Amino acid sequence: MVKSSICISLVLVLGLCKLPVAKSQREGLSDEIVVQFGDIDLNAIKSYNICSSDSNGTDCFLSILPQTIYDVVGLSINMTQCLAIEQFEPDKNPPELIQFDMFDLNTGTLFLSFNETIRTSSANFSALTLQSFYDSAGGEEVVQLQQGRIETEDEFSTSLTLRLADDDLFELQRLYPRICTTSGNCWVKFTSQLVLDVAGNPVVPAVDGVFSESHSAARILQDSSNPEIVNFAINLNADPARVNFTFSEIVTVNTFNPEAITFTNGSVNYTLTGGEVLTTEDAVVSFTFQLEFEDTIALKAIDDFFTGTENSLLTYRADVVEDPFGELAQPRNFSNALSAGDFTQDSLPPSLSGFRLMDLDNDLMQLSFSEPVDRNTLDFPRITLRSGPSSQVSSETVQLTGAISVRYVTEVDVHRRVIEVVFSYSDIRAIKTQPPLATDIDTSYIELQPGAIADTAGVESSATAVALQAQTYVTDSRGPRLLSFVLDLTRNALSLTFDDIIDIDTVDVGEITLQPDQNGESSEIYTLTDSEVVGSSHFNFTISLSETDTNEINSLPNLATGRGNTFISLTGAALDGINGVDVLSIVRSNALNASDFTPDTIPPSLEEFYIDFNSEMLTLVFDETVDVSTFDATQFTLQNSASNPTRSVTLSGGIVTSMRYVTSFQVEFLRSDLNMIKTYTDFAVDNTSTYLLLTDATIRDSRGNPIVP
């Protein structure tokens, strides 16, 4: 209250008036009145902070209302101005606690009453002690307050309301039920520094050994509040992960139930299965909880989950924990899930924990890691297969280049710690062509360079300290499979590529068939006969088509004229793999289409011809199959020398009786042409006088190439 120099009129509520009487005066009459203030009036004066000790009475004035005092003739006093005090005696009486009214355990609030007005702002928490008995000498529970908040609104009051700081309240809760659960075990002790009255007099202390019922709480308001998790911090850098939980009040550690906790990112939820509280205390306001290893792994394996505060939310049931008073927690559901207050990102690198499987029957391997990994981050050139341990310098090695596929082996581990790599064709070839690499379990090792893969948090893997040996090995028991083939009719070559190493000595071309369609419905199919293997490597070989096979193929007009009508089928007897297993057959009803095709672009040529004048026939022999339907006899000229002939006859026609696609056929001379030839005695009488000249329009081969003139 601000002091004022104006006159303050004060109506006394309760007081005692004394009149000093002189011997010469009648009783009841005096020119001097002594008024003794009652407690209410005195405390009211002090609460207005007037007539204070620090001003030595200079702020103390008196006014008397009319009809308060009368003279002997009955006239009322009439004061026109305030009177200044002539003599002032300051307050030297210390305040005393008259009652410890109540202690509210819900809020940690103390209510104290004093016998006079005190200056509430002078309250000193550190001067106050709560204890379970009036005398702490016997080793009773004692809580020395440290700080708090003054909740009395008035600066000057006879009551003092103090709210304990959380730490002090938590300490009281921790000692439950040994202190401040009843009036009998809740005593307040304090030094004279606890509080001052308006005059600056320190309170009468309440010390050990002094018994007063006023020091015991008259009433205890029991704690009925439910504890809450108010904050949690995640540390994924620990292994296993740890979570620090902070509660709204003291909780009993042995009541903590991790299975009541569910983490969520808003769409995916995960409920803990167990773990361990890392504290030796029975009751605390916060503790660190170590997750089960499998819970840590499961949380890391979920996409967009547990990677930061924004996707790490917490919900819990009421049975998650109890406070010392047996109150269950205030549950938190998904609509008001609590976000992590702090998040320590995982920076621990994953490591290769096992080379689970080397399977050459399916061309794959399985690797297990210490924590969930992101299969899409696999960096193949950082992975090396070895035929021996790291210390074996002479080991055969293959550095991977890629894969056909990479998948999580969820049937082994649902948390993305096991991946399966199906080797690329180039890598499996490299592996199988470098014996003794991966020929058995003793020659199957793997090593990873740093960064071969990353975990779900993006942390790159560490290097393997030593190469790991395969735990399981599956021998290649499959026959080779034809992956592709190329037919080149310009070179008369058929090239086949397989997915496994082949035994070239076992090739039987008579088990290989070319056909014009995939389903084998056409009759224009051809099975090779006498073609030969002319070149090979581990996975492919080339067949040089014999003249017979080439001509037979070319004789079928709907076979092998383009990639669209070039298919292949073969039986299991066509060849063996290096392991002695038959090649996987390709049935005629599901033939394989050529991956590439080169048509015949080489023109046919006439190799030889014969004339038989007795039968009147001209026999033509070509170096490949020709299309007889394209033959034009008028493009033939017979002459008596290879150059500069003196005699020549150009045929006017001829009669052909032959199949359409052949390598040789006969032409019956027309009578007119035959007579013309016979008119000359020096022409066409023997080999030396018989030459045949033709143009490129004479005939075409089965693929439409004109003959070489």
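Read the figures in this text as sums done on the coordinates, not as results from a lab. Because the structure is a prediction, the values reported are computed rather than measured. Cβ: placed from backbone, ideal geometry, glycine included. Neighbour counts: every protein chain shown.
Please give, to one decimal in nm, the separation of the simple spin-label points placed at Thr630 and Ala465, each 7 Å out from Cα toward the Cβ. If labels sit at Thr630 and Ala465, their model points lie 7.5 nm apart. Report the calculated FRET efficiency for Leu65 and Asn333 (r = Cβ-Cβ distance, R0 = 56 Å), to the nearest 0.05. FRET efficiency, Leu65 to Asn333: 0.25. Shape descriptor for the stretch 220-271: Rg over Rh equals 1.05 (Cα atoms; Rh from the Kirkwood inverse mean 1/r).
Principal axis analysis of the Cα atoms in the chain yields extents of 204, 61, 42 Å, listed in decreasing size. Restricted to Cα atoms, the stretch 350-411 shows a radius of gyration and a Dmax of 12.6, 37 angstrom. Radius of gyration (Cα atoms) of the stretch 229-344, expressed as a multiple of 2.2 N^0.38 Å: 0.98. Dividing the Cα radius of gyration of the stretch 97-221 by 2.2 N^0.38 Å, with N the residue count, gives 0.96. Checking every one of the GluC sites (Glu not before Pro) in the stretch 404-458 against DSSP loop status and a limit of 12 other Cβ atoms within 10 Å picks out Glu411. Dipole magnitude for the stretch 354-471: about 140 debye, using +1 per Lys or Arg Cβ and -1 per Asp or Glu Cβ, origin at the Cα centre. What is the diffusion coefficient of the stretch 482-598 in µm²/s, taking the Kirkwood radius over Cα pairs and the Stokes-Einstein relation at 37 °C with a viscosity of 0.692 mPa s? Using the Kirkwood radius from Cα pairs, D works out to 236 µm²/s. Paramagnetic label reach from Ala642 (point 7 Å along Cα→Cβ; backbone nitrogen cut-off under 20 Å): within the stretch 667-709, residues 683-696, 708-709. Binning the C-alpha pair distances of the stretch 606-701 at 10 Å intervals from 0 yields a P(r) profile of 16, 53, 28, 3 %, listed from the shortest bin outward.
For the stretch 453-512, the fraction of C-alpha pairs more than 16 angstrom apart is 70%. Placing pseudo-labels 7 Å out from each Cα toward the beta carbon at Val73 and Asp31 gives an inter-label distance of 1.6 nm.
Values of log10 I(q)/I(0) for the stretch 587-627 across q = 0.33, 0.34 Å⁻¹ run -1.08, -1.11, by the Debye formula with one identical scatterer at each alpha carbon and no solvent. Compactness ratio for the stretch 148-255: Cα radius of gyration over 2.2 N^0.38 Å (N = residue count) comes to 1.47. Sparsely packed loop sites in the stretch 123-218 (the trypsin sites (Lys or Arg not before Pro) outside DSSP H, G, I, E and B with at most 14 other Cβ atoms within 10 Å) comprise Arg178. With each label modelled as a point 7 angstrom along the Cα→C-beta vector, the Ala84-Asn675 pair spans 17.6 nm. Shown in residue order for the stretch 389-406 are the 3J(HN,Hα) couplings computed by the Karplus curve 6.51 cos²θ - 1.76 cosθ + 1.60 at θ = phi - 60°: x, 4, 6, 8, 4, 7, 5, 6, 9, 9, 8, 5, 10, x, 7, 6, 7, 9 Hz (x for Gly and Pro). With the largest listed first and rounded to whole Å, the semi-axes of the equivalent ellipsoid of the stretch 277-330 from the Cα gyration tensor are 26, 15, 10. Peptides 260-269, 240-249, 650-659 ranked from most to least packed by the mean count of surrounding Cβ atoms within 10 Å: 240-249, 260-269, 650-659. Rounded to the nearest 20, the Cβ-based charge dipole of the chain about its Cα centre (Lys and Arg +1, Asp and Glu -1) stands at 1300 debye. Taking the square roots of five times each eigenvalue of the Cα gyration tensor of the stretch 354-471, the equivalent ellipsoid has semi-axes of 22, 15, 13 Å, listed largest first.
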